[in-house]
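The values are calculated or read from the model by the stated rules, or taken from the named source; none is laboratory data. Please read all numbers here as calculations on a predicted model, not as lab measurements. Here the Cβ positions follow ideal geometry from the backbone for every residue, glycine too, while neighbour counts run over all protein chains shown.
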There are 2 protein chains.
Amino acid sequence: MSGKEMILELLSQMQGGSRTALARLISLIEREEEVLAYLPSDISHEPSYLLGVTGAPGAGKSTLTDRLIEFYRGCDEEIAVLAIDPTSPFSGGAILGDRVRMQSHALDPKVFIRSMATRGSLGGLSVAVPAAVRLLDSAGFDKVIVETVGVGQVEVDIVSSADTTLVVVNPLWGDSIQANKAGLLEIADVFVINKADREGVRQTRKDLEGMLDLSEPKPWRPKIIETVALDNKGVDRVAEAVLEHKGYLWSSGELALKRRRRAIEEFERSTKRLLERYIMKHESFSVIKERVAHGDLEPAQAAKMIVDEVLGSS
Amino acid sequence: MSGKEMILELLSQMQGGSRTALARLISLIEREEEVLAYLPSDISHEPSYLLGVTGAPGAGKSTLTDRLIEFYRGCDEEIAVLAIDPTSPFSGGAILGDRVRMQSHALDPKVFIRSMATRGSLGGLSVAVPAAVRLLDSAGFDKVIVETVGVGQVEVDIVSSADTTLVVVNPLWGDSIQANKAGLLEIADVFVINKADREGVRQTRKDLEGMLDLSEPKPWRPKIIETVALDNKGVDRVAEAVLEHKGYLWSSGELALKRRRRAIEEFERSTKRLLERYIMKHESFSVIKERVAHGDLEPAQAAKMIVDEVLGSS
């Protein structure tokens, strides 16, 4: 079977509900195989609702996600979770401990959970995650939850393309993510103060309200919800806030805009990817690269040479 | 004057020592103008030594950098500093407060300090910073210092391509950068425990030594230096550690390798950049993009269409 035939076969199995096929397709996406190019264009079902969950390490993102899965399963929704592991770009090691909790759903065929890790290449995730989201969308999940630690530009970018973004903080969160506060404020649609049985909840709420008051007013003012995810407290109110935000997105036309924007971004990313591959396989590429490595050619000049050669004859 | 003529004129002024020309060229690089393609290939002077300085916000990076400038000026070296501002990818606002301190060197013609900020586009900095470094290199500075907050993949990537990377921590640094510890450990050539007049220095040194003992042994074991940058204490020993590391890089052949790698990366980046530009200006691009936006085409399929069209005829 050719690569293309295999992917078409896996896609058809995935549409038929096979989780094994889905998992294999995501692995192919991680290895930068072209998968999405074979997706049928005429998907009849509603697009998945994309939920982003972010926050500092230890804030309780995984527990909250776990409880949200439970909640949405209670509404008979099919749920997919992509857990983005904050790994060192160097060691490649993933912090998987937290995910173990979500394994309570491992036997539920209507829940699909997958970790994705940074594997070296800068921006690898910023390509693979949106592609995986698109795949899950076409697989027909009602909700796709992307959970990620809210540091770094790449991760913020991933989460901010969600339909609704939950930012999970803790009472007296202050110092540890000080540097990121402004960034989080701008991507949050719902703030979740988790571990709200601890001291400092009121102060934290006051801080958040203060920050919101000071920031530029937008048509949607982020909700602030208190939870104790571990005891399943307040999780229904998080789901309610998500629903309310969805309603706002729908009625304002922003939901359609967001989906349009995601499609265009996917198009541009895929285009770049294909171009890169094409040129790196070009016979002159390695020759010119060698000359750069030996210091015979200024890198930017060499780039112009190879691009002119590839495009010049067209 | 055409764009090309202007850049050639600015480059020639820059080689003649004009800081104004240099500053304008960096602005052009930030606006993604092709500058490096016009660099002369036959630069006769030694390449600049590239020093990365990273660490959590408030660790004292700017103060340390300021003192290092002072130290190297005492050795009659010419120094350039690129200060990467941790801005929200959304607000675009830069945190410039810290830089003010470095203004003590503003009147020294042998010191060049420039802030570069994230302006929206993901990965914008990961292209602009290495390009600016290359430019400064060709301008003949003895040292180029890149200072950045050590969060995020993009920033780690920028700093880790340096010849020597200083990671600035504080006594009892523990919690605030917990998530990043492993990453910092892998990029650090020299750990600087700044604010070493505070409590907890011995514990912090012990922690670092412990982490180093546990990590995979490498031919260069990172030095740990204590400083009080504000009082100019220990800064000479940082410079000494940098020199020692440089000696190691030189004798092991790693310095040549690092420079080779940087040149190749610059070549690959420039190549991608040029291709992207070419295709995005192509007449079919906007037509196909419109169809993607309207949901008529699956984004990845659309990408294949445009790439085939542009490259197919070659």
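The rows are residues; the columns are (1) facing another protein chain (nearest Cβ under 7 Å); (2) assigned to a helix (DSSP H, G or I).
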{"residue": "A:GLU266", "(1), (2)": "yes, yes"}
{"residue": "A:ILE288", "(1), (2)": "no, yes"}
{"residue": "A:VAL292", "(1), (2)": "yes, yes"}
{"residue": "A:ASP296", "(1), (2)": "no, no"}
{"residue": "A:LYS304", "(1), (2)": "yes, yes"}
{"residue": "A:ASP308", "(1), (2)": "no, yes"}
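Scanning the stretch B:206-251 for residues that are more than 13 Å from B:LEU185 (Cα to Cα) and of a type outside the set (Gly, Ala, Ser) yields a total of 23. Number of residues in the stretch B:189-231 that are farther than 30 Å from B:GLY253 by Cα and surrounded by fewer than 15 Cβ atoms within 10 Å (Cβ to Cβ): the value is 7.
Consider the stretch B:225-264 and keep the residues that are β-branched (Val, Ile, Thr) and outside any strand (DSSP E or B). The one that is farthest from the other protein chains (Cβ to nearest Cβ) is B:VAL235. Listed conditions (1) modelled with pLDDT under 95; (2) under 29 Å from A:PRO171 (Cα atoms) are all met by A:HIS294, apart from (2). Looking only at the stretch B:88-112, filter to residues that are at pLDDT 90 or above and crowded, with 18+ Cβ neighbours inside 10 Å; which one of those is nearest to the other protein chains (Cβ to nearest Cβ)? Within the stretch B:88-112, the match that is nearest to the other protein chains (Cβ to nearest Cβ) is B:PHE112.
Every test in (1) closer than 25 Å to A:ALA302 by Cβ; (2) among the hydrophobic types (A, V, I, L, M, F, W, C); (3) at the interface with another protein chain (Cβ under 9 Å from one of its Cβ atoms) is passed by B:ALA300 save one, and that test is (1). When the stretch A:232-253 is filtered for residues that are among the small types (Gly, Ala, Ser) and either exposed (fewer than 15 other Cβ atoms within 10 Å of the Cβ) or over 15 Å from A:THR165 (Cβ atoms) (or both), the ones remaining, listed by number, are A:GLY234, A:GLY247, A:SER251, A:SER252, A:GLY253.
Cβ separations smaller than 9 Å between residues 6+ apart or across chains give the following pairs from the stretch A:196-219 residues that are over 15 Å from A:GLY234 (Cβ atoms) to residues that are at pLDDT 90 or above and in a helix (DSSP H, G or I): A:PRO219/A:TYR248; A:PRO219/A:SER252; A:PRO219/A:GLU254.
Among residues that are buried (at least 22 other Cβ atoms within 10 Å of the Cβ), modelled with pLDDT of 70 or more, in the same structural domain as B:THR148 (by the TED database) and not hydrophobic (A, V, I, L, M, F, W, C), B:THR118 is not included.
If you filter the stretch B:269-279 down to residues that are within 8 Å of chain A (Cβ to nearest Cβ) and out of contact with any Pro (no Cβ under 8 Å at 6 or more places or on another chain), you find that the one that is farthest from B:VAL129 (Cα to Cα) is B:ILE279.
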